[in-house]
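The values are calculated or read from the model by the stated rules, or taken from the named source; none is laboratory data. Here the structure is a predicted model, which means the values were calculated and not measured. Neighbour counts are summed over all protein chains in view; Cβ atoms, including those assigned to glycine, are modelled from backbone coordinates with ideal geometry. Accessible surface is based on the protein model in full, side chains and every heavy atom, while ligands, DNA and RNA are left aside. Shrake-Rupley method; radii C 1.70, N 1.55, O 1.52, S 1.80 Å.
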Amino acid sequence: MKIYNKYITAIAISLVLASCKAPMATVIQDDVKNNIPENFNQNEQQDANTNTGTTPWRQFFTDPNLVSLIETSLKNNQELMITLQEIEIAKSGIVAKKGRLSPSVRAGLGAGVEKVGRYTSTGAGDASTEIEPRREMPDPLGNFEGGLMANWEIDIWKKLRTEKDAAVAHYLSTVEGKNFVLSNLIEEVADNYYELLALDNQLDIIQQYIKLQTRALEIAKIQKQAAAATELAVKKFQAELAKSKATEYTIRQEITEKENQINALCGRYPQPILRTKESFMSIIPQTVYTGIPSQLLANRPDIKQAELELKAAKLDVEAARKEFYPSLEISATLGLEAFKPSYLVKLPESIATSLVGELAGPLINKSAIKANFQTADAKQIQALYEYDKTILNAYLDISNLMSKVKNIDQYYQLKSQETQALDQSIDIANQLFKNSRADYLEVLLNQRDALDAKMELIEAKQKQLSTVVDIYKSLGGGWK
């Protein structure tokens, strides 16, 4: 008998050891993070102590109307509210994983009836058993019970703790995701606000142009009456005036749509957007300091989010690998049990207890566990690629925007010179036209060129301001 027990023990141990064989996870290396350049521009050295991305948004934006819009959007924006609920969902996931580390206890009541065959071991035993002197076991036999049941999986391989750590990492990534939504929201509100101011100024320019065209049309009519011009000149000026008025209504529609776009970001119904358009062209864009590329890892919420998702994916792989190991579960019950309700109060005879410990592991048909592990391993590699892509895109964004800041400044300066020159040429062309020394086509072309230049100058100013906002967000600013 002892030899038989030894064989049973040896077989059980071999089964457990066989179940402990688990595949190894893919070893991943983060070359993108490890090889991040020291500077954004290899020809220039950046100062690590000056980084505009660390500036709070209330200090970065100085326009009180814009600040008010940002505050409203942070309170009411629906996308932000959705993201906050994702954080709550992730937080509940931590509580659920943490709960698995503790025993689960539940209370229950039950009742049933059973009739067994007379010529069975149970039936024969019941027939020869007396509950009390000269009182046989009832047939059929009832069963009434009530008590507490506990179940506890002992975390011997720290699998449950690993799952909890993965849930924590995922929760923290949703927090960083919320910060990234904040940063994007502030950038979007600011960009739309500057675009709205640009449209206001373009509307003023086209209205000035309409007045100029109206005067030019009147001069053309006078000159026609004096036989100094033809009907063709009058019609050309009339056509140009109609075209300008049509452009005015197009800009008015764009202003309405832009206002509603800002209202949508603020989570409210259409209403006027408070703004001061007169000072738009005199706004001086802030000087932006980029710091060094490695600071992006700490400043940009999307990079931190991707890093935490990578950490969670690695922990998921570790937890999936531990599914190949045997698990130890302990079950216990404590309660009252009797075939008749009145006997439940007879203590200690009605007390029923049990304590069971079970060590079991997968042995045959591990395909489901293998599939879960392979899925987790693939997601880990996918998370690494996503992390690397986020870092690379962040670096390229700032590199592009730094170049754009310099080029748009030069573009704005040249457009200013062009506008001044064309304004002077309009006055000269009008004087020449009045004195019949210039053709009406020269006047029209000068006026059109001046209008286009002024429109482009306003667009350049808007791009100047928006580019600074974009690089501020790309450096990780806006969410603090």
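Does any residue in region 358-385 that is within 19 Å of Glu163 (Cβ to Cβ) come within less than 8 Å, Cβ to Cβ, of a residue that is among the acidic types (Asp, Glu) and assigned to a helix (DSSP H, G or I) six or more places away or on a different chain, and which pairs are these?
Pro362/Glu323; Ile369/Glu323; Asn372/Glu323; Phe373/Glu323; Ala376/Asp316; Lys379/Asp316; Gln380/Asp316; Ala383/Glu309
Find all pairs meeting these conditions: Cβ atoms under 9 angstrom apart; at least six residues apart or on different chains; first residue within region 47-64 and in a helix (DSSP H, G or I); second residue loosely packed, with under 11 Cβ neighbours inside 10 Å and at pLDDT below 95.
Sorted first by the residue in region 47-64, then by its partner, the pairs are Thr52/Thr287.
Residues Ile13, Ile94: which one is modelled with pLDDT under 80 and more than 20 Å from Ser294 (Cβ to Cβ)?
Ile13
Would you please list the contacts, defined by Cβ atoms under 7 Å and residues six or more apart or on different chains, that run from a residue in region 246-264 that is more than 10 Å from Leu199 (Cβ to Cβ) to a residue that is modelled with pLDDT under 95?
Every condition considered, the pairs that remain are Glu248/Ile210.
Open to solvent by 40 Å² or more (accessible area, probe 1.4 Å), touching a Ser or Thr at 6+ places or on another chain (Cβ under 8 Å) and part of a loop (DSSP other than H, G, I, E, B) - does that describe any residue in region 289-310?
Yes.
Looking at region 265-285, is at least one residue touching a Pro at 6+ places or on another chain (Cβ under 7 Å) and open to solvent by 30 Å² or more (accessible area, probe 1.4 Å)? It would help to see each step written out before you state the result.
Residues of region 265-285 that are touching a Pro at 6+ places or on another chain (Cβ under 7 Å), as a first pass: none.
Checked against the condition, which is being touching a Pro at 6+ places or on another chain (Cβ under 7 Å) and open to solvent by 30 Å² or more (accessible area, probe 1.4 Å), region 265-285 yields no hits at all.
For the list (1) in a helix (DSSP H, G or I); (2) surrounded by 13 or more Cβ atoms within 10 Å (Cβ to Cβ), I need the number of the one condition that Pro362 fails.
Among (1) in a helix (DSSP H, G or I); (2) surrounded by 13 or more Cβ atoms within 10 Å (Cβ to Cβ), the lone unmet condition for Pro362 is (1).
Looking at region 365-374, which of its residues are open to solvent by 70 Å² or more (accessible area, probe 1.4 Å) and under 18 Å from Lys159 (Cα atoms)?
Kept after step one, since they are open to solvent by 70 Å² or more (accessible area, probe 1.4 Å), are these residues of region 365-374: 365, 367, 370, 372, 374.
Across region 365-374, the qualifying residues are Lys370, Asn372, Gln374.
Filter region 378-397 for residues that are in contact with a Ser or Thr (Cβ under 8 Å, 6 or more places away or on another chain) and under 20 Å from Ser294 (Cα atoms); which is most open to solvent (accessible area, probe 1.4 Å)?
Ranking the candidates gives Asp397 first.
Between a residue in region 399-422 that is closer than 17 Å to Leu465 by Cα and any residue that is aliphatic (A, V, I, L, M) and not in a helix (DSSP H, G or I), which pairs come within a Cβ distance under 7 Å, given they are 6 or more apart or on different chains?
Here the result reads Val405/Val288, each pair linking region 399-422 to a residue that is aliphatic (A, V, I, L, M) and not in a helix (DSSP H, G or I).
Suppose we filter region 243-268 for residues that are of a type in the set (D, E, K, R) and within 19 Å of Asp452 (Cα to Cα); how many remain?
Residues in region 243-268 being of a type in the set (D, E, K, R) and within 19 Å of Asp452 (Cα to Cα): 5 in total.
Specify which of the listed residues (Ala332, Ala338) is surrounded by 17 or more Cβ atoms within 10 Å (Cβ to Cβ), of a type outside the set (S, T, N, Q) and closer than 30 Å to Ile131 by Cα.
So the residue among Ala332, Ala338 that is surrounded by 17 or more Cβ atoms within 10 Å (Cβ to Cβ), of a type outside the set (S, T, N, Q) and closer than 30 Å to Ile131 by Cα is Ala338.
Which pairs do you get when a residue that is in a helix (DSSP H, G or I), found in region 330-348, comes within reach of a residue that is among the charged types (D, E, K, R) and modelled with pLDDT under 85, reach meaning Cβ atoms under 9 angstrom, with the pair 6+ apart or on two chains?
Tyr343/Glu349
Report every pair of residues separated by at least 6 positions or lying on different chains whose Cβ atoms are under 7 Å apart, first residue within region 28-40 and in a helix (DSSP H, G or I), second open to solvent by 70 Å² or more (accessible area, probe 1.4 Å) and at pLDDT 85 or above.
From residues that are in a helix (DSSP H, G or I), the pairs are Val32/Leu392.
What about Lys224, is it of a type in the set (Lys, Arg), assigned to a helix (DSSP H, G or I) and either under 21 Å from Leu457 (Cβ atoms) or open to solvent by less than 50 Å² (accessible area, probe 1.4 Å) (or both)? So that I can check it myself, show each step before the final result.
Values: of a type in the set (Lys, Arg): yes; assigned to a helix (DSSP H, G or I): yes; either under 21 Å from Leu457 (Cβ atoms) or open to solvent by less than 50 Å² (accessible area, probe 1.4 Å) (or both): no.
The answer is no for Lys224.
Look at Leu315 and say whether it is open to solvent by 40 Å² or more (accessible area, probe 1.4 Å) and not polar (S, T, N, Q). Write out each step before concluding.
Values: open to solvent by 40 Å² or more (accessible area, probe 1.4 Å): no; not polar (S, T, N, Q): yes.
No.
Does Leu384 satisfy being touching a strand residue (DSSP E or B) at 6+ places or on another chain (Cβ under 8 Å) and assigned to a helix (DSSP H, G or I)?
no
For region 143-154, check the following and say yes or no: at least one residue is out of contact with any helix residue (DSSP H, G or I) (no Cβ under 7 Å at 6 or more places or on another chain), free of Cβ contacts under 8 Å to residues at least 24 places away in the same chain and not β-branched (Val, Ile, Thr).
Among the residues of region 143-154, not one is out of contact with any helix residue (DSSP H, G or I) (no Cβ under 7 Å at 6 or more places or on another chain), free of Cβ contacts under 8 Å to residues at least 24 places away in the same chain and not β-branched (Val, Ile, Thr), which makes the answer no.
Would you confirm whether any residue within region 47-57 is open to solvent by less than 70 Å² (accessible area, probe 1.4 Å), over 18 Å from the mean Cα position of the chain (by Cα) and of a type in the set (Asp, Glu)?
Step one: filter region 47-57 for residues open to solvent by less than 70 Å² (accessible area, probe 1.4 Å), giving 48, 50-57.
Filter once more, so that each one left must be over 18 Å from the mean Cα position of the chain (by Cα): 48, 50-57.
Still in the list and also of a type in the set (Asp, Glu): none.
Looking for residues that are open to solvent by less than 70 Å² (accessible area, probe 1.4 Å), over 18 Å from the mean Cα position of the chain (by Cα) and of a type in the set (Asp, Glu), one finds none in region 47-57, hence no.
Cβ contacts < 9 Å: first residue touching a residue at least 60 places away in the same chain (Cβ under 8 Å) and more than 19 Å from Gly477 (Cα to Cα), restricted to region 275-294; second residue in a loop (DSSP other than H, G, I, E, B) and among the acidic types (Asp, Glu), any location; separation 6+ or different chain. Result?
Arg275/Asp63; Thr276/Asp63; Ile283/Asp63
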